[in-house]
Amino acid sequence: MVVPSSKVASVFRAGLFKDRVAIVTGGGTGIGKAIALELLYLGCKVMIASRKTEQLEKASVEMCKQIDRQGRGPAQLHHVQCNIRKEEQVKNLMSATLSTYGKIDFLVNNGGGQFPSAAANISLKGWNAVVETNLTGTFLCCREVYNQWMQEHGGIIVNIIADMWKGFPSMSHTGAARSAVDNLTKSLAIEWASDGVRVNSVAPGSSIYSETAAANYGDFNIFSRNIPSVPAKRLGTTEEVSAAVCFLLSPAASFISGETLKVDAGSSIYPSMTWTIPEHKKLPAYRWDDDDDGTSGSQNTPKSKL
Ligand code: ADE
């Protein structure tokens, strides 16, 4: 297992994001917390948001201590309770950040959630919840940050998606939603380019280990199961995702927009089985019956002539 480090570090230069302001949704746990920490370490003012105030408070105290301990304090960190599925709460997240810091340079859409289930067993309620969180919530945050700030002042958006490049059997809802965010990223990058807004995505592999994700999946030990299919033959860290996000937020990426950067050590292009298909004969070859008049191709009774 990957042991999370209590130290904050960055390959980027100290003060890179001094006087910048970032919103990180889902910034109290896992990948979002690593992103918030690295941004703070680089001098950024950060607003973290999620549904759970208690979690945000705990994470804020921890992060401020960590930044202080390394002589990079005092961290400029605030938090707002926000369910990204609720339009009014998203509007409030943007306006609260503007009241607190006076501007918004960066939006990192990391807040999201899903649960493992075969597609056949996903209820409409479960499907809608996952799509509303991962797709609609991301859209609302993008639209609101644009309307309230970035249309006039420019800015940079990074959406965190997933490794859904070969579909996402066992979590089809999140696969569909994240794939839609990949496409949304491209639309917004074009629509908002002339306002000085860059929009990109980062797609972490399923092998990024965080305590939060491990706890979420419980017995469904997605992490150790995944190691053989990772070309690096190890799990990835939340800090490795954070570095990619910081790169896209930095001037080093000033000519990059509408792009999705995979952080998966090549897992998504490595042929491996995340879903085992049992032996079956239920998809026979199609062919015309000899006596067929062309109106009733028999898919289920292939002839032996093939
Ligand atoms: N993280 C997971 N679900 C979320 C939601 N609905 N709003 C904000 N952050 C979240």
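The values are calculated or read from the model by the stated rules, or taken from the named source; none is laboratory data. Keep in mind that this is a model prediction, so the values were computed, not measured. Positions of Cβ are generated from backbone atoms using ideal geometry, with glycine treated the same way; all protein chains shown enter the neighbour counts. The area values use the complete protein model at the heavy-atom level, side chains included, leaving out ligands, DNA and RNA. Shrake-Rupley method; radii C 1.70, N 1.55, O 1.52, S 1.80 Å.
It is to be established whether one or more residues within segment 68-78 are under 29 Å from GLU132 (Cβ atoms) and not aliphatic (A, V, I, L, M).
yes
Six or more apart or on different chains, Cβ under 6 Å: which pairs go from a residue in segment 20-32 that's under 16 Å from ALA215 (Cα atoms) to one that's within 11 Å of the ligand (Cβ to nearest atom) and part of a strand (DSSP E or B)? Could you list them?
Going by the 6 Å Cβ cut-off, the qualifying pairs are GLY26/SER50; GLY28/ILE48; GLY28/SER50; GLY32/VAL24.
List the number of the failed condition for LEU107; all other conditions in (1) free of Cβ contacts under 8 Å to residues at least 60 places away in the same chain; (2) within 14 Å of the ligand (Cβ to nearest atom); (3) buried (at least 24 other Cβ atoms within 10 Å of the Cβ) hold.
(1)
Among the residues of segment 220-243, is any open to solvent by 10 Å² or more (accessible area, probe 1.4 Å), in contact with a helix residue (DSSP H, G or I) (Cβ under 6 Å, 6 or more places away or on another chain), within 22 Å of ILE157 (Cβ to Cβ) and not in a loop (DSSP other than H, G, I, E, B)?
The answer is yes, given that some residue of segment 220-243 is open to solvent by 10 Å² or more (accessible area, probe 1.4 Å), in contact with a helix residue (DSSP H, G or I) (Cβ under 6 Å, 6 or more places away or on another chain), within 22 Å of ILE157 (Cβ to Cβ) and not in a loop (DSSP other than H, G, I, E, B).
Go through (1) under 15 Å from PHE115 (Cα atoms); (2) modelled with pLDDT under 95 one by one and return the number of the condition THR133 breaks.
Of everything listed in (1) under 15 Å from PHE115 (Cα atoms); (2) modelled with pLDDT under 95, THR133 misses just condition (2).
Taking segment 196-221, which residues are of a type in the set (Val, Ile, Thr) and touching a Ser or Thr at 6+ places or on another chain (Cβ under 6 Å)?
VAL199, THR212
Tell me the residue from ALA119, ALA129 that is more than 9 Å from the ligand (Cβ to nearest atom) and surrounded by fewer than 20 Cβ atoms within 10 Å (Cβ to Cβ), please.
So the residue among ALA119, ALA129 that is more than 9 Å from the ligand (Cβ to nearest atom) and surrounded by fewer than 20 Cβ atoms within 10 Å (Cβ to Cβ) is ALA119.
Checking the conditions here, which among GLY32, GLY26, GLY43, GLY71 is within 19 Å of ILE157 (Cβ to Cβ) and open to solvent by 10 Å² or more (accessible area, probe 1.4 Å)?
From the options GLY32, GLY26, GLY43, GLY71, the qualifying one is GLY26.
Could you tell me which numbered condition VAL158 fails, if it satisfies all but one of (1) in a helix (DSSP H, G or I); (2) open to solvent by less than 10 Å² (accessible area, probe 1.4 Å); (3) under 22 Å from GLN55 (Cβ atoms)?
(1)
Listed residues LEU140, LEU98; which is surrounded by fewer than 24 Cβ atoms within 10 Å (Cβ to Cβ) and within 13 Å of the ligand (Cβ to nearest atom)?
Numbers: LEU98 fails: within 13 Å of the ligand (Cβ to nearest atom).
Of LEU140, LEU98, the one residue that is surrounded by fewer than 24 Cβ atoms within 10 Å (Cβ to Cβ) and within 13 Å of the ligand (Cβ to nearest atom) is LEU140.
Do we find a residue being away from the ligand (no atom under 16 Å from the Cβ) and part of a strand (DSSP E or B) anywhere in segment 171-188?
Among the residues of segment 171-188, not one is away from the ligand (no atom under 16 Å from the Cβ) and part of a strand (DSSP E or B), which makes the answer no.
If I filter segment 248-268 down to residues being open to solvent by 20 Å² or more (accessible area, probe 1.4 Å), outside any loop (DSSP other than H, G, I, E, B) and in contact (Cβ under 8 Å) with a residue 12 or more places away in the chain, which single residue comes out as farthest from ALA9 (Cα to Cα)?
THR260
What is the one condition in (1) farther than 19 Å from GLY258 by Cβ; (2) surrounded by fewer than 23 Cβ atoms within 10 Å (Cβ to Cβ); (3) among the small types (Gly, Ala, Ser) that ALA180 does not satisfy?
(1)
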